[in-house]
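See below for the structure under consideration.
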Amino acid sequence: MKNSVVSKYLLIISLLLFASSCADKNKSESETTKFYSLDGSKLGIEIADKELRIKFNPPIGWDLMHTAISKKTESQGAANSEDSFIYQATYVFFNDSTGGLLSVGKVITSDSSLAKNTRLNFYKGFLTSKHKNEKLSVNNFVHSSIGFTQFKFVKESLISYKIVLENAGGEIIQFDYIIPADYSKSEQPSIKSSIGSIRLM
């Protein structure tokens, strides 16, 4: 009889531990997937770029702009500051209906002394410092074996989702989704699906 009671308690404890483990797993998956989704109906045509070493889909209805794209210097001080980065946008997509804008490109540091394996962390710290007064939230997540960092911040009436990652060559790739706050809720499913479409080549 005593052995039966002990066995019953052990079974209950095992079930509780299993349920707790499943809850933690589901919570973790839920926390991760809130940054991306995989709805093909929300996506535009696939882009595969050998130089950037990535492929992705822009949100549906966001059309590629065929205009000259200039380099943008990101810095905390002067444009020629040693702690600056150069963002070279390769693609720019625009949604005429909502005013949404997506730029995709490569980030290069102007500091030649910075080791390659520290550049991404340095850039993430730089972005955190630069946008700290703009209702900034920073989140890390993994999808398709890629480590992503999302910087979400609000500036005036615009919401920006800046996604940074490393490609297979250890280069910093940036996706910058900018949407007017009035359209943020309606466009969020398409933006999340676009983020979920990002793959390495």
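The values are calculated or read from the model by the stated rules, or taken from the named source; none is laboratory data. Predicted model only: the values in this text are computed from it and were never measured. Every residue, glycine among them, receives a Cβ derived from its backbone with ideal geometry; neighbour counts consider all protein chains shown.
Side notes on the structure shown:
- Close pairs from the range 171-186: first closer than 26 Å to Lys55 by Cβ and not assigned by TED's automatic domain parsing to the domain that holds Leu64, partner part of a helix (DSSP H, G or I) and polar (S, T, N, Q), Cβ under 7 Å, at least 6 apart: none
- Leading residue by the ranking (farthest from the chain's Cα centre (by Cα)) among those in the range 105-121 that are without any contact (Cβ under 8 Å) to a residue 12 or more places away in the chain and assigned to a helix (DSSP H, G or I): Thr118
- Condition met for Phe93 (surrounded by 13 or more Cβ atoms within 10 Å (Cβ to Cβ), under 20 Å from Ser157 (Cα atoms) and hydrophobic (A, V, I, L, M, F, W, C)): yes
- Ile195 vs. criteria in contact (Cβ under 8 Å) with a residue 40 or more places away in the chain, in a helix (DSSP H, G or I), under 20 Å from Lys135 (Cα atoms) and touching a strand residue (DSSP E or B) at 6+ places or on another chain (Cβ under 7 Å): no
- Count of residues meeting criterion [closer than 18 Å to Val104 by Cα and not in a strand (DSSP E or B)] in the range 148-169: 3
- Filter pass, Lys124 being within 14 Å of the chain's Cα centre (by Cα), crowded, with 16+ Cβ neighbours inside 10 Å, basic (Lys, Arg) and assigned to a helix (DSSP H, G or I): yes
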